[in-house]
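Undergrad: First the structure, which I've put down as structure tokens, then a few questions once you've had a look.
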Amino acid sequence: MNVIFANLAMLPWTLLAATPLLVHLFARSRPRPFEFSSVRLLSEIVRRTSRLQRPRSWLILILRTLLFLAIVAMMLRPVWMSSEPLAGFDQRKQVFILLDRSASMAAQDGSRTRFAAGAARASEILAGLSGEDQANIIWVGAQAEPEFPSPSGNRKLLRETLVQAGPKLEAANWPAAFNEVRRQLKQTTGAEVHVISDFQASNWAEIEPALPEQVEVLFINAAREGLGNQVLQSLTSSESGDGSREITAEVRNYSEEPVLRTLFLRANEQVESRQLRLGPGSTGGASFQIQAGAEQEMVVELALDDDAYPMDNTRHLLLAPEEALRVGISGMDELTRRQWERALQAIEWIELVPIDPARKTPPAVAIWMVAGWDGEESLEALREFQKSGGSLVLLPETGTPVEAATQLLGLPAKETAWQTRRNPQGFNLVARDPEEPILAIFEGGEFGDPAGGRVADLVGGVDWEKATDWRVILETTTAQPLLAVRTGQDKAALWLAPLRDAAWSGRPEFVPLLGELLFALRPERPVAQQTFITGQRLVRRFDRPVLAEELEVAGPDRNHPVTALAGEGQFATEPVSQPGVYEWRYRGSPVGRSVVHFPETESDLEQTVDPNAILVAGKVLGVEDSVSALREGQPLWPWLLALAMAVALTESLVVWRTQREAGV
Amino acid sequence: MTATGAHSYLRPEDMRRVASYEFAPKALVEGYFSGRHRSLDRGSSTEFRDYRPYTQGDDPQRIDWRVFARTDRHYLRNYHQETSMNCHILLDSSASMAFGRDPSKLQYASFFSAALAYLVIRGKDRVSLGLFDEGLRDFFPLGSTSKHLSRILTTLEQNRPGSQTGFAQVLKQAAPLIKGRGSLVILSDFLEEPAEVFDALGIYLHRGFRVYLFQILDPQELQLPDRGLSSFRDLETGQQVVAHAREIQGAYDEAMTAHQRALRALARRRQIHLQTARTDTHYFQLFDVLVQRPR
């Protein structure tokens, strides 16, 4: 431990400590003489009490001397310095300040935000550096943004930047920040890394900064105390049977106290509120019924009533309009394709979309029907389409390998190539399962008999006994499957009857059968809806050719320019920092919306990690609440003041007790 | 009685006032009358008291022959005896009696001694005076003349505080000088061990003296003044005790009270009259006490 005195000019005053001793000796050497008739009684009293009085007198003397010493020591302004000085005490230092500017740093901690406290400490660090030292600030948000490309001696500019900087509503990307430090490190000896953060558990739980061993790391906690916060964690919608939609909000209480919050919903003209009681650390939900507009996209906004940390109180949801089911048809079997197109044109809620056979990217349709697939046409596009949640209806081309289709559809193959069986008389059809939901519409008989037609050709090659997650809808009277579907997660249908004539497709029941099949295959969630969090770039794909310079995105704060990404029709903005609804505009006209959410990891302001527990490869100096304690030392005067007060109190007690015993 | 002239301890104005306490000495002697002091002891006098049968050894001259003539028996006539009062005053003149100012304890005691001597002689009684410290320094045997009184007063004026107090030595020394029964009046501060004082008085009690102790104390001796850190020097021994007056005040009060209580207890046990006087009160009060004292 090193103690230095900041006010050595007061050193001569330490002689004051001798005052009680001098007073004591002076008073003892010159008692006032008093001629008394007889000291017989007095000498007895003094002899009796001196055994007790003398040690007490010495105790009082010691206490008074100690009191003077404490007061004089206070005037000397002693400062405790860490016995382990920071790096490069005698050499040029390279100092990196990693300042957390994530959303949680915007939390109010007393009279200022956590970020303001952290910036003040960063400024203290910079002020404490000597002329030769170099420093850099790395702002830690969704990206790690260094103030300079490499550490610089222009610390004045860094300090000015600290004054103007503020937190962003983003999550902190600490791995990127430590990577940036490693990139900029020119020297390992004499390098210091000051990590200023609120050490949220949600951000720091998995962080293990890998730094060279010689680098000294100091963690500085900018948060003084936890803040009980509630966050609107998720917002989902589901269709109700009566045509309305149910909006369900989930609220998480990070506080250790039970809370009562109010949720406000706003959707077009509809405004509603619900009260929500949440236990400590629990999650609760509330539901709202809204009438979704059929014509256009609707923005649903849910908000919590204001609290100490309002940034995460609002969340948005885009409800897509009830638009036509987009069905794309492609394939080399032109006859079948035409029959399908003719039938689908008769269904008003289906929008037919022609698809280029050479297409390499998935089309913007919900169902993709391929008539006469050879196992190669648009194979990658079909796979991607399936992954994005689209449904496939596939009619294999005779003679082509079975494996391509079975792999795509997850079916067991029985043959190596698709075989066609022909029956000039036509195969009679039959429904395999009378309870099949897709055929439920035909139960009343008004739409005819779905198995009323006949087909001449039938394609085969699948081992249906092993195809457990597929249902055969129609088959021949000889139990040859004709139409099979897989519903559930990856919806698909295998159409095994090429339509060469109108013997089946010309029958009135064919259109409703095809309609019911496609309705059952429709994706449950709109594929197009894509959400982002702050700090991310907004990305959107356009099916038609657009110019990037004609695109822009209007956000809650400002308009963002758009750039074209490598890839077909993809465009992106710069990272956005405000949660809310962003509108894509092409030549000034709205062409779509994107929703940006507040990052969930930033909402937990209560739970923090102990910085001592963070595993760092570098040399961790420890956690200091005050940088000045290391740089400028810890002032000891408050302790001395406390000591002086305690000594004064003890002295008073001893004197009082002495006087009381003497009967004064 | 003739005037004594101007003396420091018996001023003319005091003499007039003291005269009103003429019965004080009577209280002291309590029956030892001579002349106006009526004694219960039977003796030769002119006032008849009663008869008693003659026994061998009686003076034949005291036989009442008239009674013998009438009764043919020998009776003696008893008469009230008229006695002279003997008052022996012993005045402590040790160094401790110099304590106090206006007056000091010695001055206070001298005033009282002078007034008492005057009263005794005015009543045609006899008074003796002894001055002592560690030994009997001066002694005037019994006398009842104005000249005797004048000598006593002069001696008191010339008296100065001496050395230590030596009660045992003094009372032993004075025993052969103090003749005949009477009252022994001792004026002192009695700051010695109480038992030491009363043991020394035993010889006088045995001889039938009535002993009166007048304890003269300065108010500062009864209540220690707060003089801060002080070096208390014993006026008799020169011993010094350094103490903070405030710190020992309480203990001193307790010790002084215990000392006084011990003195009173021993006096009561030996039927000795003990009266404490503070020098800030007038010595006439001591006469008041004597006059009012019940028989």
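Undergrad: On the basis of being assigned to a strand (DSSP E or B) and either more than 16 Å from A:Arg101 (Cα to Cα) or not small (Gly, Ala, Ser) (or both), does A:Val195 make the cut?
TA: Spelling it out, A:Val195 is indeed assigned to a strand (DSSP E or B) and either more than 16 Å from A:Arg101 (Cα to Cα) or not small (Gly, Ala, Ser) (or both).
Undergrad: Can you report the number of residues in the stretch B:108-143 which are away from chain A (no Cβ under 14 Å) and either in a helix (DSSP H, G or I) or of a type in the set (Phe, Trp, Tyr) (or both)?
TA: So the count comes out to 16.
Undergrad: Which pairs turn up if I take residues in the stretch A:324-352 that are closer than 17 Å to A:Asp374 by Cβ and look for partners that are in a strand (DSSP E or B) and polar (S, T, N, Q) with beta carbon separation below 9 Å, at least 6 apart in sequence or on another chain?
TA: Hits for this filter: A:Arg337/A:Ser330.
Undergrad: Say we look at the stretch A:514-524 and pick out the residues that are in contact with a helix residue (DSSP H, G or I) (Cβ under 8 Å, 6 or more places away or on another chain) and hydrophobic (A, V, I, L, M, F, W, C); which of these is farthest from A:Leu439 (Cα to Cα)?
TA: A:Leu518
Undergrad: Since A:Ala249 meets every condition but one in (1) without any contact (Cβ under 8 Å) to a residue 60 or more places away in the chain; (2) under 30 Å from A:Leu278 (Cβ atoms), which condition does it not meet?
TA: A:Ala249 satisfies every listed condition except (1).
Undergrad: Determine, yes or no, whether A:Leu52 is touching a Ser or Thr at 6+ places or on another chain (Cβ under 9 Å), over 30 Å from A:Ile4 (Cα atoms), more than 7 Å from every other protein chain (Cβ to nearest Cβ) and hydrophobic (A, V, I, L, M, F, W, C).
TA: Spelling it out, A:Leu52 is indeed touching a Ser or Thr at 6+ places or on another chain (Cβ under 9 Å), over 30 Å from A:Ile4 (Cα atoms), more than 7 Å from every other protein chain (Cβ to nearest Cβ) and hydrophobic (A, V, I, L, M, F, W, C).
Undergrad: Name every residue in the stretch A:353-399 that is part of a strand (DSSP E or B) and either free of Cβ contacts under 8 Å to residues at least 12 places away in the same chain or within 34 Å of the chain's Cα centre (by Cα) (or both), in order of residue number.
TA: Hits for the stretch A:353-399 are A:Ile367, A:Ser391.
Undergrad: Could you list, in sequence order, the residues of the stretch A:12-35 that are surrounded by 14 or more Cβ atoms within 10 Å (Cβ to Cβ), modelled with pLDDT under 90 and facing chain B (nearest Cβ under 8 Å)?
TA: Result: A:Pro31, single match.
Undergrad: So which of B:Leu136, B:Leu116 is of a type outside the set (Lys, Arg) and either touching a Pro at 6+ places or on another chain (Cβ under 6 Å) or buried (at least 24 other Cβ atoms within 10 Å of the Cβ) (or both)?
TA: Only one candidate qualifies: B:Leu116.
Undergrad: Could you list all residues from the stretch A:223-246 that are over 29 Å from A:Arg101 (Cβ atoms), touching a residue at least 60 places away in the same chain (Cβ under 8 Å) and surrounded by fewer than 16 Cβ atoms within 10 Å (Cβ to Cβ)?
TA: Taking the stretch A:223-246 first, the residues over 29 Å from A:Arg101 (Cβ atoms) are A:236-246.
Next cut, touching a residue at least 60 places away in the same chain (Cβ under 8 Å) only: A:236-237, A:245.
Passing the criteria: only A:Thr236.
Undergrad: Right, next: For the stretch B:199-295, list the helices (runs of 4 or more DSSP H) that sit wholly inside it and hold at least 1 residues that are more than 8 Å from chain A (Cβ to nearest Cβ) and closer than 30 Å to B:Gln173 by Cα; which are they?
TA: Once the helices (runs of 4 or more DSSP H) in the stretch B:199-295 are filtered for at least 1 residues that are more than 8 Å from chain A (Cβ to nearest Cβ) and closer than 30 Å to B:Gln173 by Cα, what remains is B:245-269, B:284-292.
Yes/no per residue for (1) more than 18 Å from A:Lys414 (Cβ to Cβ); (2) surrounded by 14 or more Cβ atoms within 10 Å (Cβ to Cβ); (3) free of Cβ contacts under 8 Å to residues at least 40 places away in the same chain; (4) in contact with a Lys or Arg (Cβ under 9 Å, 6 or more places away or on another chain):
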{"position": "A:Gly445", "(1), (2), (3), (4)": "yes, no, yes, no"}
{"position": "A:Ala451", "(1), (2), (3), (4)": "yes, yes, yes, no"}
{"position": "A:Thr478", "(1), (2), (3), (4)": "no, no, no, no"}
{"position": "A:Ala493", "(1), (2), (3), (4)": "yes, yes, no, yes"}
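Undergrad: From the list A:Ala493, A:Ala417, A:Ala497, exactly one residue is in contact with a strand residue (DSSP E or B) (Cβ under 9 Å, 6 or more places away or on another chain) and more than 30 Å from A:Arg326 (Cβ to Cβ). Which is it?
TA: Step by step, each of A:Ala493, A:Ala417, A:Ala497 is checked, and only A:Ala417 is in contact with a strand residue (DSSP E or B) (Cβ under 9 Å, 6 or more places away or on another chain) and more than 30 Å from A:Arg326 (Cβ to Cβ).
Undergrad: Shifting gears a bit: If the requirement is being at the interface with chain B (Cβ under 8 Å from one of its Cβ atoms) and assigned to a loop (DSSP other than H, G, I, E, B), which of these qualifies: A:Ser43, A:Ser38? First the steps, then the outcome.
TA: Numbers: A:Ser43 fails: assigned to a loop (DSSP other than H, G, I, E, B).
Exactly one residue qualifies, and that residue is A:Ser38.
Undergrad: Restricting attention to the stretch B:64-110, which residues are in contact with a helix residue (DSSP H, G or I) (Cβ under 8 Å, 6 or more places away or on another chain), modelled with pLDDT of 85 or more and aliphatic (A, V, I, L, M)?
TA: Listed by number, the residues that qualify are B:Ile89, B:Leu90, B:Leu91, B:Met97, B:Ala98, B:Leu106, B:Ala109.
Undergrad: Same structure again: Check A:Val370, A:Val299 and return the single one that is among the β-branched types (Val, Ile, Thr) and closer than 30 Å to A:Leu605 by Cβ.
TA: On the way: A:Val370 fails: closer than 30 Å to A:Leu605 by Cβ.
Just a single option satisfies the conditions, and that option is A:Val299.
Undergrad: Under the condition of being out of contact with any Asp or Glu (no Cβ under 7 Å at 6 or more places or on another chain) and assigned to a helix (DSSP H, G or I), which residue from the stretch A:91-123 is nearest to A:Ala223 (Cα to Cα)?
TA: My answer is A:Phe115.
Undergrad: Separate question: Only one of A:Ala479, A:Ala467, A:Ala497, A:Ala484 is closer than 22 Å to A:Gly389 by Cα, of a type in the set (Gly, Ala, Ser) and in a loop (DSSP other than H, G, I, E, B); which?
TA: A:Ala467
Undergrad: Return the residues of the stretch A:540-595 that are of a type in the set (Asp, Glu), under 27 Å from the mean Cα position of the chain (by Cα) and farther than 18 Å from A:Gly141 by Cβ; say none if nothing qualifies.
TA: Answer for the stretch A:540-595, where residues must be of a type in the set (Asp, Glu), under 27 Å from the mean Cα position of the chain (by Cα) and farther than 18 Å from A:Gly141 by Cβ: A:Glu552, A:Glu583.
The values are calculated or read from the model by the stated rules, or taken from the named source; none is laboratory data. What you see is a predicted model; the values in this text were computed from it and never measured. No Cβ is skipped: glycine too gets one built from the backbone with ideal geometry, and neighbour counts run over all protein chains shown.
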